[in-house]
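Comments concern the structure below.
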Amino acid sequence: MTFARRVFTVAWIYGFVALLPMYFMEDWYMDRLPPALTHPEFYYGFIGVALAWQVLFVLIAREPERLRPAMLAAVLEKLGWGIAVPVLVLQGRAQSFFIPAAVIDLALAVLFVMAWRRVGQDASAAKSPPSAR
């Protein structure tokens, strides 16, 4: 359980630190990463949904055994960005500026799978009779 708690704690702290400032950086992105935003509702919608996931990560960090099934959804959340960005960069539709964030998300996806497996193993070991351990 300790591994899962640590992984999801790091994930939500990283997420809040990376995402909250984006609420105040629309102009920065428009100046440095053209083209300009034509649909700011997608920009702010992305931030809002991503922050909602960080709240789930807080909850998972507090109760990994109870919320173990949600870890698989968290893996999908990380893969969505982690896979899309490199594909878009290769197609020339996104700037390489976003690759480091995608790599971090892919690494977190791997850590989430590891946490999911360990929590399952910990739960199985706790339920088995003492003679079976």
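The values are calculated or read from the model by the stated rules, or taken from the named source; none is laboratory data. Quantities reported herein were computed from a predicted structural model and do not represent experimental measurements. In this analysis, Cβ positions are derived from the backbone assuming ideal geometry, glycine residues included, and neighbour counts consider all displayed protein chains. Calculation scope for accessible area: heavy atoms of the full protein, side chains included, ligands and nucleic acids excluded. Shrake-Rupley method; radii C 1.70, N 1.55, O 1.52, S 1.80 Å.
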Query raised in the report: Okay, helix-only estimate at 222 nm for the chain: each DSSP H run of n ≥ 4 adds -39500 (n - 2.57), divide by all residues, round to 500 deg cm²/dmol; what do you get?
Result: -26000 deg cm²/dmol
Report task. Determine the per residue accessible area of the chain with all protein chains present and a 1.4 angstrom probe, expressed in square angstrom. Result -> 62
Query raised in the report: What are the trypsin sites (Lys or Arg not before Pro) within region 58-132 that DSSP puts in a loop, where the Cβ has at most 10 other Cβ atoms within 10 Å?
Result: Arg93
Query raised in the report: Got the relative contact order for the chain handy, in percent, Cα pairs under 8 Å and 6 or more residues apart?
Result: 34
**Report entry** Selection from Val17, Phe46, Ile104 lying farthest towards where the dipole of the chain points positive, charges on Cβ
**Finding:** Ile104
Query raised in the report: Which loop-located chymotrypsin sites (Phe, Trp or Tyr not before Pro) does region 19-75 contain, where loop means any DSSP state but H, G, I, E or B and the Cβ has at most 12 other Cβ atoms within 10 Å?
Result: none
Requested in this report: Let me know the charge dipole size of region 51-133 about its Cα centre in debye, to the nearest 20, where only the beta-carbon of Lys, Arg (+1) and Asp, Glu (-1) is charged.
Outcome: 220
Report summary line: Rounded to a whole %, the carbon-and-sulfur portion of the accessible area of region 2-133 at a 1.4 Å probe is 68
